[in-house]
1. Given the options Phe320, Phe386, name the one that is within 23 Å of Leu416 (Cβ to Cβ) and assigned to a helix (DSSP H, G or I).
2. Can you tell me which residue is most open to solvent (accessible area, probe 1.4 Å) among those in segment 202-222 that are among the small types (Gly, Ala, Ser) and not in a helix (DSSP H, G or I)?
3. Of the conditions (1) open to solvent by 70 Å² or more (accessible area, probe 1.4 Å); (2) more than 27 Å from Ala101 (Cβ to Cβ); (3) not charged (D, E, K, R), Ile171 fails just one. Which one is it?
4. Scan Ala193, Ala165, Ala225, Ala246 and give me the residue that is touching an Asp or Glu at 6+ places or on another chain (Cβ under 7 Å) and aliphatic (A, V, I, L, M).
5. Could you say which residue among Ile58, Ile109 is in contact (Cβ under 8 Å) with a residue 40 or more places away in the chain, of a type in the set (Val, Ile, Thr) and in a loop (DSSP other than H, G, I, E, B)?
6. Would you confirm whether any residue within segment 405-413 is touching an Asp or Glu at 6+ places or on another chain (Cβ under 8 Å) and open to solvent by less than 10 Å² (accessible area, probe 1.4 Å)?
7. What single numbered condition from (1) open to solvent by 10 Å² or more (accessible area, probe 1.4 Å); (2) touching a helix residue (DSSP H, G or I) at 6+ places or on another chain (Cβ under 6 Å); (3) under 29 Å from Phe223 (Cβ atoms) fails to hold for Ile338?
8. Pick from Leu83, Leu6, Leu43, Leu90: which is touching a His at 6+ places or on another chain (Cβ under 9 Å) and open to solvent by less than 10 Å² (accessible area, probe 1.4 Å)?
Amino acid sequence: MTLTFLYLWFVIGGILAWISGRWSKNFPRWISLGFLSIHMAVLIIIWIKYLAAQSAGIQSGPWIMEINVPWIARFGIHYSLALDGFSLLLIVLSNFLGIMAVAASWEGIQYRIGFFHFNLLWILAAIVGIFLAMDLFLFYFFWEIMLVPLYFLIGIWGHENRTYATLKFFIFTQASGLFMLLAILGLYFVHGASTGIYTFNYTDLLGTPMSGTTAFWLMLGFFIAFGVKLPLVPVHTWLPDAHTEAPTAGSVDLAGLVLKVGAYGFIRFMIPLFPEASFSFAPVAMILSVVGIIYGAVVAFGQTDLKRLVAYTSISHMGFVLLGAFAWNQLALQGALIIMLSHGLSTGALFILVGDLQDRIHTREMGKMGGLWDTMPRMGGYAMFFSMASLGLPGIGNFVGEILVLFGVYQVSVTLGIIATIGFIVATIYSLWIIQRAFWGKNTQSWKLHDHNPREVAIMVIMVVGLMWMGLYPQTILNTSRQAFKNMRQYVYNVFQPYHQKSSAYQVNPARDEMTEKSLNTAQIKPKDGDQK
């Protein structure tokens, strides 16, 4: 029941928030905040218990908790949900950013408030469902549900060109989702033809016998869907428009959560379901990742719209995530996860800052800014911090994630690791560009603006603490996620040993993994006998 609660709680909260909007503007806000707070309390309890069991050496299987019962038995559809350290951390991120989105929209949303919070909570319900679903039919169901409230969130409360941005977002994501649906159905029938069992269950579909050509085309369907959501160059063009026109809460959800479901799909589903095809395709995917890192950073530097600039930085950061996913070693995977978490906080905070700034000066054009630090020093200080986080300043979570990914990628391709490092240099340029154009220089417009109020300061302080925690003590994140990634890697390597003997870049190396465990200061778990040196 706990797993069902994790997404159904938001469904109930969204309905109550919508209904309560008939009587008071404040009821939906407090209901949303209350439901999110209770949900977070439950997550923290689960998290603490898991870490305590891990410290005590209690191993209860690959999942923290799971449920798997027949749903539509005739078609092999199960109500299958499961939670491990990987999905737990992403659900915590979803809840945390949900609270920040509610707080950031407290004064900014003044019409149809109940329906706004209904859509906000239903987006979170769908995203949590995606992180829990272990049946591909159920996973696709949540994947599609997520689009509907996000469509309304941008289309109703967005800015001037919201209709164009909403339609573009919907067409891109819906079309790519159809590729994944075809791939899911293809895998369903291939597995049924090979084994006589027709099922959508994730664990049953792992290791499905199929030809290399079939695996490649099915893998490509997943790759397109997850690549568009990430987004991956060249299917990224919906993102800047959607971010630019979305309200602040929509931008926080897009950058902090929606992009993460694409990265999650690569790591949880695509590579484990099609390891041989994925590793064969890895050089192409990793090159596209590096292109995205450099392209997103360079194009961000050329923007004059501050919100659009921040949007393009997401393309660059998520390139590191995909690079880490296809490197597929412990360092790279854990680094990718830390980037996902820290990017959610740093970019989400930047979007909140841009929204606060737009509310005050009614423009996002950087050419009309300048000298804002004199009139809003608190906002300028927070903007400086989150810009430094974006460029990967040591001591902040983004740096830890990107360094781990680069160390992991170096084990697979030195060349790609070196090229990806250029992203750090370009990130420094656009990050300093934000501060220089918006907050430093002369106040040519004679701005006299009120600085951050206590509510806005509280949002920024919480985000700062989160990023500093991941930057100075990432051990909690590493301990929580370690076993989940180890389980996925061991499955892929143990089942597909013949392929890995041919591909030295992805071979299991127990000695190297043991050294990685020691370097991350984690408890050592001996490799299985099937692992090879």
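The values are calculated or read from the model by the stated rules, or taken from the named source; none is laboratory data. Since we're looking at a predicted model, the values are computed, not measured. Positions of Cβ are backbone-derived with ideal geometry, glycine not excepted, and every protein chain shown enters the neighbour counts. Surface accessibility is based on the protein's heavy atoms, side chains included, excluding ligands, DNA and RNA. Shrake-Rupley method; radii C 1.70, N 1.55, O 1.52, S 1.80 Å.
1. Values: Phe386 fails: within 23 Å of Leu416 (Cβ to Cβ).
Answer to the check: Phe320.
2. Within segment 202-222, the subset among the small types (Gly, Ala, Ser) is 207, 211-212, 215, 221.
Pick out the ones that are also not in a helix (DSSP H, G or I) and you get 207, 211.
Numbers: Gly207: 33, Ser211: 60 Å².
Only one residue tops the list, namely Ser211.
3. (2)
4. Working: Ala193 fails: touching an Asp or Glu at 6+ places or on another chain (Cβ under 7 Å); Ala225 fails: touching an Asp or Glu at 6+ places or on another chain (Cβ under 7 Å); Ala246 fails: touching an Asp or Glu at 6+ places or on another chain (Cβ under 7 Å).
Just a single option satisfies the conditions, and that option is Ala165.
5. Details: Ile58 fails: in contact (Cβ under 8 Å) with a residue 40 or more places away in the chain.
After applying the criteria, what remains is Ile109.
6. Our first condition is that a residue be touching an Asp or Glu at 6+ places or on another chain (Cβ under 8 Å); within segment 405-413, this holds for none.
Within segment 405-413, none of the residues are touching an Asp or Glu at 6+ places or on another chain (Cβ under 8 Å) and open to solvent by less than 10 Å² (accessible area, probe 1.4 Å).
7. (1)
8. Working: Leu83 fails: touching a His at 6+ places or on another chain (Cβ under 9 Å); Leu43 fails: touching a His at 6+ places or on another chain (Cβ under 9 Å); Leu90 fails: touching a His at 6+ places or on another chain (Cβ under 9 Å).
None of the others qualify; the one that does is Leu6.
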